[in-house]
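Structure, as structure tokens:
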Amino acid sequence: MAECESRNSGPQDPNSDADPPKLSDLFDRGWKIFAEIDNTNDPLASNSVQVRVKRAIKMLEETSRMAAQLDLFSPNEELDEVTTADLKYLLCPALLGALTMKQTGRDKRLEIVRTARVYFMDFLKRCKEYNVAQFSLPESVSESTEQNVPSTCKPMPTTSSLAAMAAQRQVKIQRYSEKKELEARLSDMQKAVEDGQADEETCRDFYLLNVRKWVFTCLDEIQSIDQEMEILKNMDGQLGAPQPAGPSRPPMKTFILTKDAMQARVFGSGYPSLPTMTVDDWYEQHRKHGALPDQGVPRRVPVEEDSDAKEREEEEKETKAEKDDEESLTKARQWDDWKDNHRRGYGNRHNMG
């Protein structure tokens, strides 16, 4: 690329200790940082990416100031009159707009997209002056269109507007195809230009193709920005509008929903009923009737006492059998005879109709 560049940044101070960077070096460094950011896999909101974004913006802003001081471009000249080394500086506003769009910050988003739109429009106007490509400039954002207009107030699309939308869609498809074709041609030239092995004609074609590619990119970006600005203004309007205070209502009482009245009468509510009295009220009510736990309410039999009762019952059975109690022996013989004549489970008709 050095073979295509012969212009320095401008007059330098011979008494300074360090020479200021050349215009070409400053632009190339900013363009390279943008390419790295555009192809990185790191989160856009990460600190490392945002630091590089700000660094590239400062470099390209300085490039734009230096190019303006040198009067590199004039509306009175044709594209053929611009030297090959100066063609790439046409990209400064486009790169600045793309870098601005990569800045983050929800509270500053509206300001960010407005600034990026100014950069993109500046680039497109200069390309229009030089007749770089055939395109129509987007409409400028006026104060009337920037006002917050509710979407419900917009008119319904007519036949003519639908036809215009279809034509706009066709233009966008054609623009996308041309952009892809330009990117394919640029990929073939890029290595030779970056290595400084391309001649001046190849370098000129390379920069012109980049400018035309960015024309299509800026047109798409401005369309997206206009849509985003409308959304952001609507959001700010909704957040800033005072919320109407609703009438205060008394708290609702708890109620129970049941499938039908019959189910409610038979099965109840389906979950534990709500308490109707406090523990203190229950205790006081039982105290008046003398039915407190230690005053007549039966207590649960301890496990040890229950086990002892069963053991005593078994001992009594064994004792009766040992004494050949006539009644016990008769019952035992009858039970054995019944089991001999009836199979196990006889008489159990549960759930069998």
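The values are calculated or read from the model by the stated rules, or taken from the named source; none is laboratory data. Values in this document were obtained by computation on a predicted structure and should not be read as measured data. Please note: Cβ atoms are built from the backbone with ideal geometry, for glycine as well, and neighbour counts cover all protein chains shown. What goes into the accessible areas is simple: the full protein's heavy atoms, side chains included, and nothing from ligands, DNA or RNA. Shrake-Rupley method; radii C 1.70, N 1.55, O 1.52, S 1.80 Å.
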* For the range 106-134, how many residues are touching a residue at least 24 places away in the same chain (Cβ under 8 Å) and within 35 Å of the chain's Cα centre (by Cα)? -> 12
* Asked: Within the set of pairs 6+ apart or on separate chains, which have a first residue in the range 169-195 that is touching a residue at least 60 places away in the same chain (Cβ under 8 Å), a second that is of a type outside the set (Asp, Glu), and C-beta atoms under 6 Å apart?
  -> Val193/Met1; Val193/Cys203; Val193/Phe206; Glu194/Met1
* Consider Arg114 carefully, then state whether it is surrounded by 10 or more Cβ atoms within 10 Å (Cβ to Cβ), modelled with pLDDT of 75 or more and within 25 Å of Val53 (Cβ to Cβ). => yes
* Asked: When the residues of the range 86-105 are filtered to those that are of a type in the set (Gly, Ala, Ser) and at pLDDT 90 or above, which remaining residue is nearest to the chain's Cα centre (by Cα)?
  -> Ala98
* **Members of the range 50-78 that are of a type in the set (Ser, Thr, Tyr) and either touching a residue at least 60 places away in the same chain (Cβ under 8 Å) or not in a helix (DSSP H, G or I) (or both)** => Ser74
* Asked: Filter the range 27-52 for residues that are of a type in the set (A, V, I, L, M, F, W, C) and either open to solvent by 70 Å² or more (accessible area, probe 1.4 Å) or touching an Asp or Glu at 6+ places or on another chain (Cβ under 6 Å) (or both); which is modelled with the highest pLDDT?
  -> Val49
* Asked: Does Phe135 qualify as being surrounded by 12 or more Cβ atoms within 10 Å (Cβ to Cβ), modelled with pLDDT of 75 or more and closer than 17 Å to Leu60 by Cβ?
  -> no
* Asked: Any chance the range 201-209 includes a residue that's over 32 Å from the mean Cα position of the chain (by Cα), open to solvent by 100 Å² or more (accessible area, probe 1.4 Å) and modelled with pLDDT of 75 or more?
  -> yes
* Asked: Out of Ser64, Ser74, which single residue is open to solvent by less than 70 Å² (accessible area, probe 1.4 Å), of a type in the set (Gly, Ala, Ser), within 26 Å of Leu209 (Cβ to Cβ) and modelled with pLDDT under 90?
  -> Ser74
